[in-house]
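Asks: If you scroll down you'll find the structure; I have some questions about it.
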Amino acid sequence: MILRHTAIYIGSRVFAAALNLLSVALFARLAGPETFGAYLLYLASAYIIYGFAIQWLRMSFFAVYTADHSLSIVGTFIRTMCLFVCLVVLIAALTVWAGLYSADVVAGTIMPTIGLAVFETFYEISRARLKVELVGLAVLLRALFVPLGGAAAFALTGTATGLAGGVAAAHILAAVPLIREGWSGIWAKYSADVARQYLKYGSPLILAFGINAVGQSGDRLLLGRLDSVGAVGPYGAVGDLIKQSLVVVSEAVAGSYMPHAKRAASDGDSAQTRVILTEAFRAYAFITAFGSAFILCFAPDVVKILFGAHYADAAGSLVPYFTLATAFYVFRAFYFGQAIYFLESSSAELYASTATVAAGAVAALLLIPLYGATGAALAVLSAQAAGCFVAALAARRWRAMPLPVLDLCGIAGVAAIAAFLADAAALLPVGYVTLVVMRFGLISLGACLIIKAYDIFGLGIWTQKLTFRKLSALRLV
């Protein structure tokens, strides 16, 4: 079942990632660096608000959810979520009334926050119920609607606020199939006991996820403040390109492995839980190692093709920093960060988030004034490395997550060798297309060897069984 769920999640996410990259490229070319930079600042602010006000509740729901009391848990989750969204809108309106921010800035920030809240609420309900086909469909719809909605809204308004509104509307439209699945929960009876469970479990996460959101998006806000809004455009475009490439597949792994690990833990099967988590760790090691190899080889050319020469010249040097930072983030968020589901306390997330923000803030304040966008990228790398290190220490201290270091070294070592050979291929007297094919083939060969050796995603055993069946059929003939 895990292999099937992984295939559905990864298939939908990879296709969605391609469309999301199209969205980023489309918006960057349509809006230009200044307007696109303003749009990215709106999104950064929206993610921070979402992190403080809403994300903790989503994670608390997933941790508390049981199939036996599904309706009351879902109904309480939806109503509590609506309450917090309304509170955010009220506070935003008060800031406009008080003259703290303009209506355009507040609208550009709050509309994506609402869109995220609607989509993620019903996404989490379907994910908890293991409705993987429905979740995959919604992810694809969101990826399809975002470029259409954003481009249409920008064509009508020509502003970053309009672009943000179009993206928010796309999220809500994409959530329609998920809303249909969770519709019965809207009318379910509210449970004060369930709400207290949410608060008991999630109270440390309110600060933790908020701080983490600052760590993830604060670099763009600081770059816009200390450098310029125009610098945020190329910086954010390259950062989003690399993050989409690695994080989307990692989210799919979390969506396929973690529910099964949590169910095994709930059933008291600690051995099976550790087996599933070890498989997940190997999958993350594979994704980050070979994903990084592909990115370092091909990202400079992809940036130029997608965003144009101006973006490539402004941000091409940032690729190595963003790649390593995203690799740390994958382990910190999608592996060690999942320890909160297997511990009685969620304090580990708070420690990791605090380390992320502290390291990132200090590095950003020191480096951005001196090095601009490069300083911001180095600050992100510092933040993610610190957060990953603290999350790993916390998870290992409470023995929540296995850490197969030798597997990590083996996978990363093969990826490094493949990347080195791919880079050395540039010395050969061959044409550009031939060089690209050779590089792709070398890294792919290394990836296939690791899939076979470590049974990544269960594909190693699956291909072995398939080969055995084919050979048996040939012998019978």
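Asks: Could you work out how much longer the chain between SER228 and VAL176 gets when fully extended? Use 0.36 nm per residue separation minus the Cα distance between them, nm to one decimal.
Replies: 14.9 nm
Asks: Sticking with this one: Check SER191: other-chain or 5+ apart residues with amide H under 5 Å from its amide H, H built from backbone geometry?
Replies: So SER191 has HN proximity to THR76.
Asks: Got a number for carbon plus sulfur as a percent of the chain's accessible area, 1.4 Å probe?
Replies: Numbers: 14560 of 21060 Å².
Within the chain, the accessible surface is 69 percent carbon and sulfur.
Asks: Mind putting a number on the dipole of the range 110-226 about its Cα centre? Charges go on the C-beta only, +1 for Lys and Arg and -1 for Asp and Glu, and I need it in Debye to the nearest 20.
Replies: Roughly 160 debye, rounded to the nearest 20.
Asks: Same structure again: Using +1 on the beta carbon of Lys and Arg, -1 on that of Asp and Glu, and nothing else charged, what's the dipole of the chain about the Cα centre, debye to 20?
Replies: For this selection, approximately 1080 debye.
Asks: How long is the gain from LEU148 to LEU71 if the chain were fully straight, where each residue apart is worth 0.36 nm and the alpha carbon distance is subtracted?
Replies: Length gained, LEU148 through LEU71: 24.3 nm.
Asks: For the chain, count all C-alpha to C-alpha pairs, find those more than 37 Å apart, and express that count as a whole percent of the total.
Replies: Roughly 26 percent, rounded to a whole number.
Asks: Can you give the Rg to Rh ratio of the range 60-162, both from alpha-carbon atoms, with Rh computed by the Kirkwood formula?
Replies: Details: Rg = 16.9 Å, Rh = 15.9 Å.
My calculation of the ratio gives 1.06.
Asks: In the range 144-246, what is the volume of the convex hull around the alpha carbon atoms, normalised per residue and reported in Å³?
Replies: 168 Å³
Asks: Only loop residues by DSSP count here, and only those with at most 16 other Cβ atoms within 10 Å; note down the chymotrypsin sites (Phe, Trp or Tyr not before Pro) in the range 383-444 that meet that. Can you show the working numbers first?
Replies: Details: sites: PHE389, TRP398, PHE420, TYR432, PHE440; in loops: TRP398.
Passing both the DSSP loop test and the Cβ count: TRP398.
Asks: Provide the gained length on full extension for the span LYS200 to THR278, in nm with one decimal, where the gain is 0.36 nm per separating residue minus the Cα-Cα distance.
Replies: Values: separation 78, 0.36 × 78 = 28.08 nm, distance 2.90 nm.
Here the segment from LYS200 to THR278 would lengthen by 25.2 nm.
Asks: Let me ask something else. Treat every Asp and Glu Cβ in the range 260-384 as -1 and every Lys and Arg Cβ as +1, leave all other atoms uncharged, and give the resulting dipole magnitude about the Cα centre to the nearest 20 debye.
Replies: 60 debye
The values are calculated or read from the model by the stated rules, or taken from the named source; none is laboratory data. Treat the numbers as computed from the prediction; the structure is a model and nothing was measured. Don't worry about glycine lacking a Cβ; one is built from the backbone with ideal geometry, like all the others, and counts go over all protein chains shown. The protein model used for the area step is the full one, side chains on, heavy atoms only, and it has no ligands, DNA or RNA in it. Shrake-Rupley method; radii C 1.70, N 1.55, O 1.52, S 1.80 Å.
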